[in-house]
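Here is the structure we will look at.
The values are calculated or read from the model by the stated rules, or taken from the named source; none is laboratory data. Remember, predicted model here, so these are calculated numbers, not experimental data. All Cβ positions, glycine included, derive from the backbone under ideal geometry; neighbour counts span all protein chains shown.
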Amino acid sequence: MKKKILVTGGAGYIGSHTAVALHNAGYTPVIVDNFSNSSKNVLQGLEKIIGISLPLYEIDCNDKPAMKSVFEKEGNIEGVIHFAAYKAVGESVKEPLKYYQNNIGSLLVLLELMEQFEVKNLVFSSSCTVYGQPDELPVTEQTPTKPANSPYGRTKQMCEDILSDLTKSKSPVRSVALRYFNPVGAHESALIGELPNGVPANLIPFVTQTAAGIREQITVFGNDYNTADGTCIRDYIHVMDLADAHTKAFEYLDRVKETSFYDTINVGTGQGNSVLEVLETFEKVSGQKVNYRIGDRREGDVEQVYANVDKANKVLNWETKYDLERSLTDAWRWEQELSKK
Ligand code: UD1
């Protein structure tokens, strides 16, 4: 019998790709999503890729009675991945309570239910945002975290603290917080991918939409940073590589002997690329010119951050398969597919 993994936010960008990876690794993903920032069309794409329909609950993760009924109905859930969260940095500054309520509240609901139903293993979606602008690069898991510069970032730090405190209380829940760097790209089939809501805040969907003629021009946020070409540096990881890290995280938790356990792991490529390098690489792989201008710095942006991924390589027995060219090729294929709809 296949092990069931509850995937909150399973219709979202990273969640849907992880559902594919889980299926390929022999698990049954059980999707919980309230579709507040995702589309039901994703499920059709998902079903085409894996060839079966997945159990789905249209539920808000903050709704404890509804979540409880999922645990009851499914019966033998082996583990949980908690993706469901708000993620817009700018919006979190304007509406902090919405972010604290949703991102912290949903984790608490899940943890209480995991304890009650004796579900042991949790993989939590964290972010490199917890490091702020680090004093050393690349960042390791030992690199000190910095005060977050947005309520969004603070919710990720608080959730990590909650998991750490839980371990100290000898809770039977064992967890790994995966600190994602910048997820990009799409499944090679172009049946699922990133679906930004309105004007994209993130770089890659803005680039692909500009190339597709949906946006007139992209603004590069600042070229006066202390980097080789003056633009910010990030670690862009293919979403399928990131998805794979989740299945490996369950294998890792299964190997753990301690009943109470918490760990943090960076998931990136280990390589930093500037905004201009991303634009140049995109133009190369797509054959499209991207109309861009250099603008002011964006408030809250860190100058550069990229991962040391030694720990993920070692303890998860995981490594990336795709490079930036492949990520941008897949992102462009997905954008073109969307344009047909
Ligand atoms: C940030 C967080 C990340 C979080 C994400 C949520 C950090 C280091 N990263 O990602 O953890 O999950 O927000 O949205 O805090 N850019 C442009 N023009 C654009 C858009 C972006 O030049 O139109 C540049 C940005 O200045 C940045 C890079 O592209 O240097 C990537 O930006 P983005 O895709 O928004 O991700 P982060 O801000 O790195």
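Computed values, structure above
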{"item": "Test: residue in the range 93-102 that is within 13 Å of the ligand (Cβ to nearest atom), surrounded by fewer than 20 Cβ atoms within 10 Å (Cβ to Cβ) and either under 19 Å from the mean Cα position of the chain (by Cα) or not in a loop (DSSP other than H, G, I, E, B) (or both)", "result": "yes"}
{"item": "Criterion: within 14 Å of the ligand (Cβ to nearest atom), within 30 Å of GLU188 (Cβ to Cβ), in contact (Cβ under 8 Å) with a residue 24 or more places away in the chain and not in a loop (DSSP other than H, G, I, E, B) - qualifying residue of VAL278, VAL290, VAL285", "result": "VAL278"}
{"item": "Failed criterion for PRO205 (all others in (1) touching a strand residue (DSSP E or B) at 6+ places or on another chain (Cβ under 7 Å); (2) within 15 Å of the ligand (Cβ to nearest atom); (3) not small (Gly, Ala, Ser) hold)", "result": "(1)"}
{"item": "Which numbered condition PHE124 misses (of (1) within 16 Å of the ligand (Cβ to nearest atom); (2) without any contact (Cβ under 8 Å) to a residue 60 or more places away in the chain; (3) out of contact with any His (no Cβ under 9 Å at 6 or more places or on another chain); (4) not in a helix (DSSP H, G or I))", "result": "(3)"}
{"item": "Residue that is surrounded by the fewest Cβ atoms within 10 Å (Cβ to Cβ) [pool: residues in the range 141-180 that are closer than 9 Å to PHE261 by Cα and among the hydroxyl-bearing types (Ser, Thr, Tyr)]", "result": "SER164"}
{"item": "Of residues in the range 168-209 being more than 30 Å from GLN142 (Cβ to Cβ) and in a helix (DSSP H, G or I), the one nearest to the chain's Cα centre (by Cα)", "result": "PRO205"}
{"item": "Test: residue in the range 289-304 that is within 20 Å of the chain's Cα centre (by Cα) and at pLDDT 95 or above", "result": "yes"}
{"item": "Hits in the range 146-167 - residues which are within 11 Å of the ligand (Cβ to nearest atom), assigned to a helix (DSSP H, G or I) and among the charged types (D, E, K, R)", "result": "LYS156"}
